[in-house]
Structures are given as C-alpha cells and as structure tokens.
Amino acid sequence: MAVDEILAHVKQDTQSGPWDLHYLKDHLSETARLAGEFAGSFGLKKLAQIIAYAHDAGKASPEFQARIAGVSGYDPEAHLEGKGNIVVDHSTAGAQLLVKRLGLSAGLVLAYSVAGHHGGLPNGKDEHDSSLSRRLNKKIPDFSAIEPYLLDHIHRVHPQDFIPGDDKTRKISCFSMHFMIRMLFSTLTDADFLNTEKFMSPEESSVRNNAIPLSALLTSLELYRQRLDQKEQSEINKKRRQIQRWCLDAAAGPPGLYSLTVPTGGGKTVSSLAFALEHARRHGLKRVIYVIPYTSIITQNAGIFRDIFGDGAVTEHHSNMEPDRETTFNRLSSQNWDSPIIVTTNVQFFESFYSNRSSECRKLHNVAKSVLIFDEAQMLPPSLLNPCLQVIRELTDHYGCSAVLCTATQPTLNQSPVLKQGLSGIHEIIPEPQSLYRSFQRVRVEQLEVRVSQEQLSEYLAQHEQVLAIVNTRKDARLIWESLAEKTDIAHCYHLSTMMCPAHRNETLVNIRDRLKLGLPCRVVSTQLVEAGVDIDFPVVYRAIAGIDSIAQAAGRCNREGRRACGTVYVFRGESLPPAGHLRQSAESGERILDRYKADPLGLDAVMAYFHDFFWKQEKVHQMDRKGILDLCARRYDAIPFRQIAHEFSLIDAVTRNVIVAYGKEGKILATELYKCQGFVTRELRKRTQRFIVPLRERVFIELLKNGVLEDLLGDGQYIMLISNDLYDKHVGLKTENPVFLETESLIL
C-alpha cells in the first residue's frame, strides 16, 4: 500500500452517506506540528515532534488497515485500541521504532509516551505484558509501509535536547527526567486528540480557541476595581485597594516564586488575580491557574471571576461542577485547560501531575508559561507535601511558570531545618505583612481554660443571638446542634457538615447569610468545612482546639467586615480529643502555641512557631512523603513505574462511597429521572447528581446496605440511592445511626 493511501481515521456523517477518509500521513504531520508548538514553550519542540510522528506507526500494518475497512464498510472506532471485535495494537510499533532509530537510552525515554498514548504511561519494568520493557520485545504486525516516511522525520537527538527550559547546559535529575516524559506525553495526547477531533467532530473543534485573550482581561479587572471603589468606602475596603496596588507593583518582578500574606478578609482573591494578570502581561505568560483546596469554595471564586470577565474567559474544572454552568466551552476547555483562567482544586492539579492516564495528562503542557495561584497554600496535605512542592519547584524552575502562595498564615512552605525540601527564593508581595496583620486585626482570641462538654457548649451558644461554633467531627456537630435546638427556637439554628448534600448546604448558607444581613437570630454549628473561604460574618465564633491555621480561618468568619469594634473567638477543648492523625497532631501543636502566645496567638511570630512545631512532627513521622512518591520518581529512566506512582499518589486517602439523596423538590425530580433512565445516564443527569451526593465511609456504607436502605439503581455500583425518608433530616442531613429501627412506610420510591 502506498504511503498516501494509509488510513488513520474514517467517519460517515449519515448512515447511508459517503465516507470521509483521514490519511495517516496527514494525521501524523499535523499532530507533530501541534505537539511541537505546545512543547516549544518549554524547549522540547524537537522531541515532541519525533514522538508525534512515531505514535501511530502501527496503523500502517495490513491488520489495522483491514480492521478500519471492516467487514461491511469502514470502522469509525478502529483507531481506538481495544474497541470492536478485532484488537490491533498500534501503539507498540512506534515505541519499537524509536528505540531502533535512536538507541536504547534516548529511544526508550521517548517510547513511554508513544506506547502509552491510548492506555496510559506504562511501568518501565514489571512482570506484566503492559510494561514498556515487554512491549519493546513484543512481536507486532509489520508496519514497514510507513517506516521510510517516519525515518525522514525522526532525526538524531542529543543529550541537550532532553533538557527543558532555556539552560541546556545543566544536568537533569531523575525527577526532572520523569517530569519531562509527562510533559511530552501531554503534548502528544492533546495534539493527537485535537487533530482527531478536528476530523471526527469539526463542530466541537470550532468551539475551541475562542476564549478571550489574556491581554484583554486586565481592562475588565480595572473596570471591576473602579466599580468597587465607587461602592462602600469603609476602612477595610480602602485597605483592600491598597493590597491590590501592592500586587500590581510587585507584578513587575521576575518570574518565580511569590507569597501573598494577606489576613482573612483582605480580598486576596481579587488581589492575587490582579498580580497574576499584570505579571502575565509583562512576561508573556499564557494563562492564570487558580488552585483551591476544596470544591466547597471553588464555585464562589469562579463566580467572582465570571462577574469580572464573563463566561468565555473562565474554566471551572472540578467534580462538583453544576450543569447549569457547564457550557460547551467549559466542557471542552476543561479537557486540556486551553483557557485564559482556570479555576481548579488541589486534587485535580496535583493528581494530574502524578497520573498516568492520557485523559488527565492532556492538560499538563498548558500549565507551562502560566501564573499559578495556590489559595490557602498551607492546606496542602502534610503526608504528600514534598511531592506537591516538587511539582511547583519543577514548573517554576524549568517550565516558565510563576507561582503565588496565598495564605493568611505565612510563612509555611519556605525551606527550613524542619522543611528541608521546602521552597527557596520566595518573594513576599506585601511590604510589611506584620503591619498589615495588625491593621486587619478585628478579633481577640480567648481560651476557655476548662474542658467544655457538648451540653455546656450548646448553653454558651444559646446565650448569643448570632454565633458560629466550629467543631472537629460531624458527630459532634450534629449532637451539639440537637442540644442547641432544644434550648432555642429551632428555626434560628443551623447545621453544616458533609452529611448534608451540596444542594442542602448551599441552601442553608443562603439562609444563614440572609439572616446575618438582616440582623436576625442565627446560631450555626458546623464542621471545619465552613472555614474554607465561606463568606460569612459573625460577631462571636467558638472553635474547638485545632491548628493555628485553622483557628485563623475560623477567626476569618468573625467580624469579617469590621462592622464592630472587635469580635471574639473562643477556643475550647471539647470532651473528646480531635480525630487521630493530622487533626490531632495539628491540634497538639496549636495548643502549645496558644499557651506560649496568649496575647496574640494569630500573629506572624506565633504562626511561624506553630508551623515549625507541626512540620517537625511530620518530618519525624513520614518525611512528608508517606508513600515514597519521590523515590519512585527517581528510578532509572528505563524503570520508571508510572502506573504505580499514579496508584500511590492520592490527596484524599479515606475510602468513601457516594450515596444519592432525594433532597427537596429538585432532588425528588432527579431521583425519578434516575429510575427512568434504564441504564443510560446522560452527562447532564450525571452532573446534576453531584449536587445530591453524600460521601460515606466504607464501613457505614456497608452497614446501610445490609439494612436495606440503599438501592443500586443500575446494578453497577455507580448510582446508589437512599430509599429511606427517616435517615435524611432536613436540618442535619444523613443520620446513619440505628437503621434497623426504621419504619417500613418510610422506604420510598
């Protein structure tokens, strides 16, 4: 078969219409062009083009061409390995060709991406046939028809070709080599997908690349700031404007690492964005990526950005994206982050950099040449802190990124004797963080010297018209709320925890904000989820003993807008200890600092002492890399265990199972639709379901399943519905105790 006749993809617009043909030569050259363009921003254009030319070499085999022709016409899914009745491995051929052409060292490093461009980056060596070492020795169909064409484009390489960034004289570490393979893999998978999509789905392809240019967004931000200036001219708002001016001034600094130490309530969301956009403009960076600890606050921040810039500039990428905000643009741009502003989570960001799946790695190359804003940076999980910091370091050192570490409680991630792999060379944006802290000081912290029972705490809360209590466990939150509701008007009492589905929590927060705004009685008992950027303002806050960073976050919900001379935060020790692990260790460190810095436990000196104490313990326990991720990434180039790394790296350790609850009118409609879907759940319905999910620990889930109050709607474990009205309370959400005593008539649907 002539080179010009070899097929890569086919499609048919109608069942009886003509077939459109996409030739392999055209697909390879266009994929190479795109991949080279992507990798050009970090100095690896040559390598990206080589792997792109090689990636589909196996499609030239007679076996693959026979499959794509099919028994009765063409097969549109032939290019997907594992689809259809006839399986043809077309990825291994290019991997073997690279080793043959470039040698065992250089060729093998590039072979990872080619071998894994459909099934994911493989382990370098293991006992499975999927490992790269075994695939390089695998007998495969003949692809010689395309080989001369490919050899013309697979040029010899040199050691400096494998060094990302501008400095081609430096030595590359094992971690950097592993990271470079991921970035090359990203350029290939994205370029391959985009060129295939352009042929298969031109209507979707046309939606891409229509985002607002980053250069135009500064104007929108300035107009937004002017509107804010024309509104309330309170002292706090004046201070927020000053913080924004400092951020704009600091943006002239060189690309690298920055910290933004702004007290809670100081408007760091807009201020950090101002820095990022101006910094990107001055240094020719491509996008701003805003990384947030929890999905519970991502909607709030993305909403602020949309108010400023409109829908066409902002992409939300997280698991709880609501369907009414998921435009075609958002869905497509979340696949590869080709948008000027990305709002995502720690989980999505860092797990993508340690994943091996093509769907998760597609976007990685678009992180290069970006401004990365890490909101509440101190909330990165201590057990995986070093692998997370290593990603930030690699991106800022070699891939043209600048990173901003935003927190009210700096310094946290600086290199120190107890944080040996911390970040160095961090530039603080705020000229005098200590003075700024004092100017924003709106609360006093008081310790309750004796232990406080749940009953006593509810009595304290009942004495205040407007009060927030934050405790460490969901059980404590529910029991204290129940005690409080017995002492006061239940209509004025609110509960917040993850035992409530997101729709329920959002509705409750709306009610809380309305009552606070109107000056009405409002007593709230919550878990720590309320600390993560939830914009509420109470005169009094009670906080169970915790880390100083958590107490500072709780203080950020007290006198937030400075409408009172001073708010009060009471820190108390409950009748039970915080849960074992991170919460207890941070609480122990917090208690020590509270005793040492009684006058000002939230000052920067106290914060520094707290993190020194806390990180010292973490270093002793697991060196802040509990799974040994960095050791795995440091393996020899021919034995990098990409699959194992992906399996081991998970920011959320607890195994949970999602249960769907039919909360409210919308939830009941959703439940009815799920029952009627007959095995096929549309994308829109899947997204709506996210708002009615409660995550349960595996043990609790199994217990409820045994007691017959859960139903597996589709029989595949994906959609588990709660079928008991008794177990979901309109005030506190899912109550899992004593399911055996349920009334039979309460089983629904």
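Assess whether Ala485 counts as being part of a helix (DSSP H, G or I), in contact (Cβ under 8 Å) with a residue 60 or more places away in the chain and under 18 Å from Tyr294 (Cβ atoms). So Ala485 fails the test. Being touching a strand residue (DSSP E or B) at 6+ places or on another chain (Cβ under 8 Å), open to solvent by 30 Å² or more (accessible area, probe 1.4 Å) and in a strand (DSSP E or B) is the requirement here; does Tyr570 meet it? Against the criterion (touching a strand residue (DSSP E or B) at 6+ places or on another chain (Cβ under 8 Å), open to solvent by 30 Å² or more (accessible area, probe 1.4 Å) and in a strand (DSSP E or B)), Tyr570 qualifies. The set of residues in segment 456-470 being more than 35 Å from the chain's Cα centre (by Cα) and over 16 Å from Leu577 (Cα atoms) consists of Gln456, Ser458, Glu459, Tyr460, Leu461, Ala462, Gln463, His464, Glu465. Selection of first residues in segment 81-104 that are at pLDDT 90 or above and of a type in the set (D, E, K, R) and of second residues that are open to solvent by less than 60 Å² (accessible area, probe 1.4 Å) and in a loop (DSSP other than H, G, I, E, B), restricted to Cβ pairs under 8 Å at least 6 apart or on distinct chains, gives the following pairs, ordered by first then second residue: Arg101/Ile154. Only residues that are small (Gly, Ala, Ser) and touching a Phe, Trp or Tyr at 6+ places or on another chain (Cβ under 9 Å) were counted across segment 259-292, and they come to 5. The single condition among (1) open to solvent by 30 Å² or more (accessible area, probe 1.4 Å); (2) within 31 Å of the chain's Cα centre (by Cα) that Thr508 does not meet is (1). Within segment 147-161, can one find any residue that is exposed (fewer than 14 other Cβ atoms within 10 Å of the Cβ), within 34 Å of the chain's Cα centre (by Cα) and among the acidic types (Asp, Glu)? No, segment 147-161 has no match at all.
Apart from one condition, Met721 fits all of (1) at pLDDT 90 or above; (2) assigned to a loop (DSSP other than H, G, I, E, B); the exception is (2).
Is it the case that some residue within segment 115-134 is touching a strand residue (DSSP E or B) at 6+ places or on another chain (Cβ under 7 Å) and either free of Cβ contacts under 8 Å to residues at least 24 places away in the same chain or polar (S, T, N, Q) (or both)? Yes, segment 115-134 has at least one match. Among the conditions (1) open to solvent by 50 Å² or more (accessible area, probe 1.4 Å); (2) in contact (Cβ under 8 Å) with a residue 60 or more places away in the chain, the only one that Glu698 does not satisfy is (2).
What residue, among those in segment 323-350 that are assigned to a helix (DSSP H, G or I) and of a type in the set (Ser, Thr, Tyr), is modelled with the highest pLDDT?
So the first thing to find is which residues in segment 323-350 are assigned to a helix (DSSP H, G or I), and the list is 323-325, 328-336, 346-350.
This time we only want the ones that are of a type in the set (Ser, Thr, Tyr), so: 328, 333-334.
On the way: Thr328: 52, Ser333: 63, Ser334: 69.
Checked segment 323-350; the qualifying residue modelled with the highest pLDDT is Ser334.
Across segment 226-249, the qualifying residues are those that are among the basic types (Lys, Arg) and farther than 18 Å from Val404 by Cβ, and the one among them that is least open to solvent (accessible area, probe 1.4 Å) is Arg241. Residue-level check: of (1) at pLDDT 95 or above; (2) within 20 Å of Asp729 (Cα to Cα), Thr473 misses just (1).
Looking only at segment 19-56, filter to residues that are in contact with a strand residue (DSSP E or B) (Cβ under 8 Å, 6 or more places away or on another chain), open to solvent by 10 Å² or more (accessible area, probe 1.4 Å) and hydrophobic (A, V, I, L, M, F, W, C); which one of those is nearest to Leu97 (Cα to Cα)? Don't jump to the end; show me each part of the working.
Kept after step one, since they are in contact with a strand residue (DSSP E or B) (Cβ under 8 Å, 6 or more places away or on another chain), are these residues of segment 19-56: 19-24, 26-28, 56.
Among the residues that remain, those that are also open to solvent by 10 Å² or more (accessible area, probe 1.4 Å) are: 19-23, 26.
When the remaining residues are screened for being hydrophobic (A, V, I, L, M, F, W, C), the result is 19, 21.
Details: Trp19: 31, Leu21: 26 Å.
Per the stated criteria, the residue is Leu21.
Would you mind telling me which numbered condition in (1) more than 24 Å from Thr508 (Cα to Cα); (2) at pLDDT 95 or above Val541 fails? The one condition Val541 does not meet is (1).
Scanning segment 595-645 for residues that are among the small types (Gly, Ala, Ser) and surrounded by fewer than 19 Cβ atoms within 10 Å (Cβ to Cβ) returns Ala599, Gly603, Ala609, Gly628, Ala634, Ala639. Here are some residues: Ala274, Ala252, Ala302. Which one is open to solvent by 10 Å² or more (accessible area, probe 1.4 Å), free of Cβ contacts under 8 Å to residues at least 60 places away in the same chain, more than 17 Å from Ile392 (Cβ to Cβ) and of a type in the set (A, V, I, L, M)? Only one candidate passes the filter, namely Ala252.
Checking the stated criteria, Leu484 turns out not to satisfy the condition of being of a type outside the set (Val, Ile, Thr), within 29 Å of the chain's Cα centre (by Cα) and modelled with pLDDT of 95 or more. Considering only segment 175-184, I want to know if a residue exists there that is of a type in the set (Ser, Thr, Tyr) and either farther than 21 Å from Cys361 by Cβ or surrounded by 17 or more Cβ atoms within 10 Å (Cβ to Cβ) (or both). Yes, that holds for at least one residue. Considered as a group, the residues in segment 255-271 that are farther than 17 Å from Leu413 by Cα and hydroxyl-bearing (Ser, Thr, Tyr) include one that is surrounded by the fewest Cβ atoms within 10 Å (Cβ to Cβ), and that residue is Thr269. Listed conditions (1) farther than 21 Å from Met499 by Cβ; (2) surrounded by fewer than 18 Cβ atoms within 10 Å (Cβ to Cβ); (3) modelled with pLDDT of 90 or more; (4) not aromatic (Phe, Trp, Tyr) are all met by Lys665, apart from (1). Those helices (runs of 4 or more DSSP H) of segment 147-218 in which 1 or more residues are at pLDDT 85 or above and acidic (Asp, Glu) occupy 147-151, 174-200.
Can you tell me which residue is farthest from the chain's Cα centre (by Cα) among those in segment 538-567 that are part of a loop (DSSP other than H, G, I, E, B) and surrounded by 22 or more Cβ atoms within 10 Å (Cβ to Cβ)? Break it down stepwise before answering.
Let us first name the residues in segment 538-567 that are part of a loop (DSSP other than H, G, I, E, B), namely 539, 545-547, 556-557, 559-566.
Checking the rest, the ones that are also surrounded by 22 or more Cβ atoms within 10 Å (Cβ to Cβ) come to 545-547, 556-557, 559.
Working: Ile545: 28, Ala546: 25, Gly547: 23, Gly556: 24, Arg557: 24, Asn559: 30 Å.
For segment 538-567, the residue satisfying everything is Asn559.
The set of residues from segment 351-365 being open to solvent by 10 Å² or more (accessible area, probe 1.4 Å) and part of a helix (DSSP H, G or I) comprises Glu351, Ser358, Ser359, Glu360.
Can we say Tyr610 is of a type outside the set (Asp, Glu), under 30 Å from Arg393 (Cα atoms) and outside any helix (DSSP H, G or I)? No.
Scanning segment 707-718 for residues that are more than 20 Å from Lys665 (Cα to Cα) and either at pLDDT below 90 or part of a loop (DSSP other than H, G, I, E, B) (or both) yields Asn707, Gly708, Val709, Leu714, Gly715, Asp716, Gly717, Gln718. Can you list residue pairs whose Cβ atoms sit under 7 Å apart, with the first residue in segment 705-722 being closer than 13 Å to Asn658 by Cα and open to solvent by 50 Å² or more (accessible area, probe 1.4 Å) and the second being aliphatic (A, V, I, L, M) and in a loop (DSSP other than H, G, I, E, B)? Count only pairs 6 or more apart in sequence or on different chains. Matching pairs, first to second residue: Glu711/Ile723.
Of Leu496, Leu484, Leu516, all but one fail to be open to solvent by 10 Å² or more (accessible area, probe 1.4 Å) and either more than 26 Å from Arg592 (Cα to Cα) or of a type in the set (A, V, I, L, M) (or both); the exception is Leu516.
When the residues of segment 573-594 are filtered to those that are open to solvent by less than 60 Å² (accessible area, probe 1.4 Å) and hydrophobic (A, V, I, L, M, F, W, C), the one that is farthest from Ala544 (Cα to Cα) is Ile593.
The values are calculated or read from the model by the stated rules, or taken from the named source; none is laboratory data. Bear in mind that the values here come from a model prediction, so they are computed numbers and not experimental data. As a convention, Cβ positions derive from the backbone with ideal geometry for all residues, glycine included, and neighbour counts pool all protein chains shown. All accessible areas refer to the heavy atoms of the entire protein, side chains included, with ligands and DNA or RNA removed. Shrake-Rupley method; radii C 1.70, N 1.55, O 1.52, S 1.80 Å.
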